[in-house]
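The values are calculated or read from the model by the stated rules, or taken from the named source; none is laboratory data. Worth saying up front: this structure is predicted, and the values here are computed from it rather than measured. Backbone-built Cβ (ideal geometry, glycine too); neighbour counts: all protein chains shown.
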Amino acid sequence: MAVSERSVFITKTGAIAATVGSAVGLGNIWRFPYEAGIHGGGAFLMCYLLFIFILGLPVLCAEFIMGKGTRSNIFSAYNKLSPGKNWKFLGFLGILASLMILSFYSVVAGWTIEYSIGSICNNLDFSSAETGHNQFNELTTGWRPLVWTIIFLFCNFFILIGGVTKGIERASNILMPLLFLLLLAFCIHSMTMPGFGEGMTYLFAPDFSQITPSVLLGALGQAFFSLSLGLGCMMTYASYFNNKSNLGQTALTTAMLDSLVAILAGVIIFPAVFSFGLTPEAGPTLVFEVLPNIFHQLPAGMLWSTLFFILLFLASLTSTVSMSEISISYFCEVKKLSRFKATLISSAIALIGGILCALSFGAMSDFTIFGKTIFNLFDYVSSNILLPVGGFFCSIFVGWFVSRKFINTQMQGDKKSISGFTPVLVFFLRWICPSAIFLVFLNSLGII
Ligand code: PHE
């Protein structure tokens, strides 16, 4: 697509809704509680929030500036803004990360289809924590997850070949507020649970002695994953913003809503974990084992369950659509393929990765690399390594190599005044973000 033909999100709120749609997804509702659960709760939440606002927010602005200013995919954005070609590797890193994430994400999104259909047909037995656990194992081993992963990727494919503006914008506008309301309702219910106090203490009372290198790295990865940062996703989305979009406001709204949804998910999950006598350290299966127990207790439980899993499925779609856009825009704009071919290639790669990840819970559960199943490896490498590395270079690039005038123009939106925010942003991008990410890496390697 030539620059002039690029589609644009029609309205300002449409752009915000689509960005929030990309950020809010399984990362908040599935990944945040499981990461918080394996990393000690409150200590993790504190580091995560700190990273969202101190590192995530500036890097989000940096990606927005590059995308809106160049109206290009991640490859061309770096090329246009720097004379040399040395930054090209970041484009490949972004594509690699996006395809890895798409692979394991589709498996989890496949579970949401399984649970939606199970709820509609009233087939799920969650009368006790133990039956719930067995049911989860039954549903996620064998051939079923493969089928759901494939179906999910098909849905993703069909939305993607339809283009950017219409579908995503319209769907995000309606679905995200609905999901938010549903989460609020579950939070209120969570207050009535016997384990509410214990759950709240676990989530909100940080035990500083729990802050280990792995907690810091996990929180850093979660912050980047949750904000869809470090792989050029927000850059690509910002390339579809119209000129009047206010980047600072969009970034702040996204970061606040995104962390709020993660906190709400925590407030729903942890009281239930303690009420049902489960342990927070269950890992990726946590939410799928705990939530249905809550639904089971509610009047008209299957109805709530159906509604919740369908919305979660749709929230996953708005996220996978955004991550797929990275490789698609590359194939279309750099390799000059048709949108259909580009989408087909990206989906085919994700399908292979998705099948491997789905099998990690069944036939390939014993196959490990560095002690991790393929699912866990894809999750760990992409979120905890590739995304922070991408964010590190993006912040150095915008902080040191992009002119202040360019940054100012992009940040201004429809306001004519020069934003006083720019010098602070540049300071963070030059110094704070790169050094903090670097220190977390050194720390996790045991060097400091
Ligand atoms: N932020 C999304 C979520 O929280 C996941 C995502 C990661 C989307 C990277 C796009 C790119 O679910």
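At-a-glance table
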item	result
Of the criteria (1) more than 16 Å from the ligand (Cβ to nearest atom); (2) buried (at least 24 other Cβ atoms within 10 Å of the Cβ); (3) assigned to a helix (DSSP H, G or I), which one A251 fails	(1)
Qualifying residues in the range 44-74 (those that are charged (D, E, K, R) and surrounded by 23 or more Cβ atoms within 10 Å (Cβ to Cβ)) - the one nearest to E281 (Cα to Cα)	E63
Residue match in the range 317-326 (condition: within 16 Å of the ligand (Cβ to nearest atom), modelled with pLDDT under 90, under 30 Å from G42 (Cβ atoms) and surrounded by 15 or more Cβ atoms within 10 Å (Cβ to Cβ))	yes
Single residue of the range 327-340 satisfying the filter (in a helix (DSSP H, G or I) and out of contact with any Leu (no Cβ under 6 Å at 6 or more places or on another chain)) that is nearest to the ligand (Cβ to nearest atom)	S327
Residue that is within 16 Å of the ligand (Cβ to nearest atom), β-branched (V, I, T) and assigned to a helix (DSSP H, G or I), where the choices are V273, V261, V267, V215	V261
Subset tally (residues that are in a helix (DSSP H, G or I) and free of Cβ contacts under 8 Å to residues at least 12 places away in the same chain) for the range 357-379	1
Check on A350, in contact (Cβ under 8 Å) with a residue 60 or more places away in the chain and within 14 Å of the ligand (Cβ to nearest atom)	yes
Odd one out for R31, checked against (1) assigned to a helix (DSSP H, G or I); (2) touching a helix residue (DSSP H, G or I) at 6+ places or on another chain (Cβ under 8 Å); (3) surrounded by fewer than 24 Cβ atoms within 10 Å (Cβ to Cβ)	(3)
Criterion: away from the ligand (no atom under 15 Å from the Cβ) and not acidic (D, E) - qualifying residue of G221, G162, G230	G162
Residues that are assigned to a helix (DSSP H, G or I), among the aliphatic types (A, V, I, L, M) and either within 26 Å of the chain's Cα centre (by Cα) or crowded, with 21+ Cβ neighbours inside 10 Å (or both), drawn from the range 114-157	I117, L139, L146, V147, I150, I151, L153
